[in-house]
Amino acid sequence: MRRKKMFDFLKKKKEEKAPVDNGVLYPAAEGRLLNIEDVPDEVFSKKMMGDGYAVEPSANTFYSPCDGKVSLIPETLHAVGITADTGAEVLIHIGMDTVNLKGEGFTAKVKEGDVVKAGDPLVEADLDAIRDKVPSTITPVIITNIDEYDIVSLDLEGDRSTPCLQYKKK
């Protein structure tokens, strides 16, 4: 018995996945992809919270743009934060001033701590019900710890099956 304990250090330990230096984001919803500068709110368009892209949604489901872990889902359900497997902190902010709706028109499909894969549903938003109550349903998808990453490329012509943003660790 003692011998077994003595040599336990030789056994391979389960390694946690170390963050990788490069990553991609997929479109977070069906719809037209936009430059972040085109978001009708200066907090996003001037990149005060981070850099990324936006989508003008044409359907009610919002999806994870990357593999990671849900790190934030406020009671108002208007946003979702994901810590990507790369270490990037990704924020999906559904529409402008939607926090004021206090969750009306939103249904969460995940909770904080859930592990998600790119393409997993995060939130359902009844766009028809909220569209007249907010300035815009344009949805920014940003890397909030952008000081740690460089955006390598942005492709606004693809669909949900292909990455629209590539980034790398600085």
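The values are calculated or read from the model by the stated rules, or taken from the named source; none is laboratory data. Just so it is clear, the structure is predicted and the values come from calculations on it, not from any experiment. Cβ coordinates were reconstructed from backbone atoms using ideal geometry, including for glycine residues, and neighbour counts include every protein chain displayed. What goes into the accessible areas is simple: the full protein's heavy atoms, side chains included, and nothing from ligands, DNA or RNA. Shrake-Rupley method; radii C 1.70, N 1.55, O 1.52, S 1.80 Å.
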For this session: For the chain, report the accessible area per residue in Å² (1.4 Å probe, heavy atoms, rounded to an integer).
Result: 57
For this session: Report the charge-dipole magnitude of region 52-170 in Debye, nearest 20, computed about the Cα centre from +1 at each Lys and Arg Cβ and -1 at each Asp and Glu Cβ.
Result: 180
For this session: Enumerate lysine pairs in region 44-170 that are 8 or more residues apart or on different chains, then count those whose Cα atoms are under 14 Å apart.
Result: 5
Problem set entry | Order of exposure, largest accessible area first, which applies to 139, 76, 162 with probe 1.4 Å | 162, 76, 139
Problem set entry | Leading residue at positive end of dipole, region 75-170 (Cβ point charges), from 91, 129, 77 | 91
For this session: For residue 138, list long-range residues whose amide hydrogen, built 1.01 Å from N in the peptide plane, is under 5 Å from its own amide hydrogen.
Result: 96
Seminar exercise, completed: Karplus ³J(HN,Hα) for region 149-165 (6.51 cos²θ - 1.76 cosθ + 1.60, θ = phi - 60°; Hz, whole; x = Gly/Pro) runs 9, 10, 7, 8, 7, 9, 10, 8, 9, x, 10, 5, 8, 10, x, 10, 9
Problem set entry | Note, ³J(HN,Hα) from phi for region 73-81, Karplus 6.51, -1.76, 1.60, rounded to Hz, x at Gly and Pro | 8, x, 4, 6, 6, 7, 8, 9, x
Problem set entry | ³J(HN,Hα) computed for each position of region 24-37 - Karplus, 6.51 cos²θ - 1.76 cosθ + 1.60, integer Hz, glycine/proline x | 9, 10, 9, x, 8, 6, 5, x, 7, 7, 9, 5, 4, 5
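Take the solvent-accessible surface of the protein heavy atoms, probe 1.4 Å, and return the percent of it on the chain that carbon and sulfur atoms account for.
So the carbon and sulfur contribution to the accessible surface is 49 percent.
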Exercise. For 153, 161, 64, what's the largest-to-smallest order of accessible area, 1.4 Å probe?
Worked result: 161, 153, 64
For this session: Place a +1 charge on the Cβ of each Lys and Arg in region 27-112 and a -1 charge on the Cβ of each Asp and Glu, then give the dipole magnitude about the Cα centre in debye, rounded to the nearest 20.
Result: 200
Problem set entry | Candidate values [x] 56, 18, 15; [y] 23, 20, 18; [z] 34, 19, 13, label of the one derived for semi-axes √(5λ) of the Cα gyration tensor in Å | [z]
For this session: Mind telling me which of 125, 59, 108 comes out most flexible in a GNM of the chain, alpha-carbon contacts under 10 Å?
Result: 59
Exercise. Around residue 51, which amide H atoms from residues at least 5 apart in sequence, or from another chain, sit under 5 Å from its own amide H, with H modelled in the peptide plane?
Worked result: 143, 146
Problem set entry | Rg in Å to one decimal, and Dmax rounded to a whole Å, for region 54-135 via C-alpha atoms | 12.1, 37
